[in-house]
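A quick write-up on the structure given underneath.
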Amino acid sequence: MNKEAFSHWLAEKMERRGIKPSQLAAVLEVNHVSVANWLKGKNIPESHNVIKMAEYFKVDPDYVLQLAGHRPAREAGELEMLNPELTLVMRKLARLSKESQELVLNIVTPILEREEREEKERRKRQKQQGGQSEE
């Protein structure tokens with residue numbers, strides 16, 4: 001967790017938005033002293049507040065959670081492993097309204113869940129076949 005990096009990031013975002021600590025505190029429904037401490041690098045906000053900040057500043061929540069030390073850094077090259085068109089789509093999705101993002105999630109979630117189920121079934125079959133050949 002790098003409190004200094006997070007405080008710099010937050011200060012920059014607030015400056016670009018032209019907001020004061022008391023205004024961000026109102027958005028996040030926290031005490032203005034908490035925001036002041038985050039800006040001074042004394043504390044790191046809890047993860048739910050980090051997610052609210054990411055939504056407010058319209059940035060990737062994963063990035064901010066990593067910056068705040070709530071999530072490990074992504075594997076190097078993880079996004080680069082995606083189809084280039086998917087990377088572009090992800091960037092566009094990040095700029096959509098919250099309502100539009102919810103619509104996309106409603107469409108994509110069943111597909112991802114199906115893929116996960118199929119992968120579990122494949123592993124289970126492979127494990128069963130591996131056990132049969134040893135007998």
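A few notes on this one:
- Placing +1 on the Cβ of every Lys and Arg and -1 on the Cβ of every Asp and Glu, with no other charges, gives the chain a dipole of roughly 480 debye about its Cα centre.
- Cβ-defined net charge surrounding Lys92, 14 Å radius [Lys, Arg +1; Asp, Glu -1]: +1
- Loop sites in the range 16-74: trypsin sites (Lys or Arg not before Pro), DSSP, at most 15 other Cβ within 10 Å: Lys42, Lys58, Arg74
- Coupling constants for the range 7-13 follow from the phi torsions by the Karplus curve (6.51 cos²θ - 1.76 cosθ + 1.60, θ = phi - 60°), and in residue order they are 5, 5, 4, 4, 4, 5, 5 Hz; glycine and proline get x.
- For Ala5 and Val27, the FRET efficiency from 1/(1 + (r/R0)^6), where r spans their Cβ atoms and R0 equals 30 Å, is about 0.85.
- Area of Glu118 that stays accessible when all protein chains are in place (1.4 Å probe, Å², to 10): 70
- When the chain is treated as a Gaussian network with alpha carbon springs shorter than 10 Å, the biggest mean-square fluctuation among Met90, Met14, Met53 belongs to Met90.
- Pairs from Lys13/Lys98; Lys3/Lys52; Lys92/Lys120; Lys3/Lys98; Lys42/Lys98; Lys13/Lys42 whose Cα-Cα separation, in the structure shown, is over 25 Å: Lys92/Lys120; Lys3/Lys98; Lys42/Lys98
- Between the range 92-124 and the range 48-74, the C-alpha centres lie 20 angstrom from each other.
- Whole-percent carbon and sulfur share, accessible surface of the chain, 1.4 Å: 52
- Per residue, the chain exposes 76 Å² of accessible surface when a 1.4 Å probe is rolled over the protein heavy atoms with every protein chain present.
- Phi-based couplings in Hz for the range 108-115 (Karplus 6.51, -1.76, 1.60; Gly and Pro marked x): 7, 4, x, 5, 5, 5, 4, 4
- Calculated mean projected area of the Cα convex hull in nm² (choose from (i) 9.2; (ii) 7.5; (iii) 11.6), label: (iii)
- Counted residue by residue at 0.36 nm each, then reduced by the alpha carbon distance between them, the extension gain from Leu86 to Ile111 reaches 7.5 nm.
The values are calculated or read from the model by the stated rules, or taken from the named source; none is laboratory data. Given the structure is predicted, the values throughout are model-derived calculations rather than measurements. Positions of Cβ are backbone-derived with ideal geometry, glycine not excepted, and every protein chain shown enters the neighbour counts. Areas reflect the complete protein model, heavy atoms only, side chains present, ligands, DNA and RNA absent. Shrake-Rupley method; radii C 1.70, N 1.55, O 1.52, S 1.80 Å.
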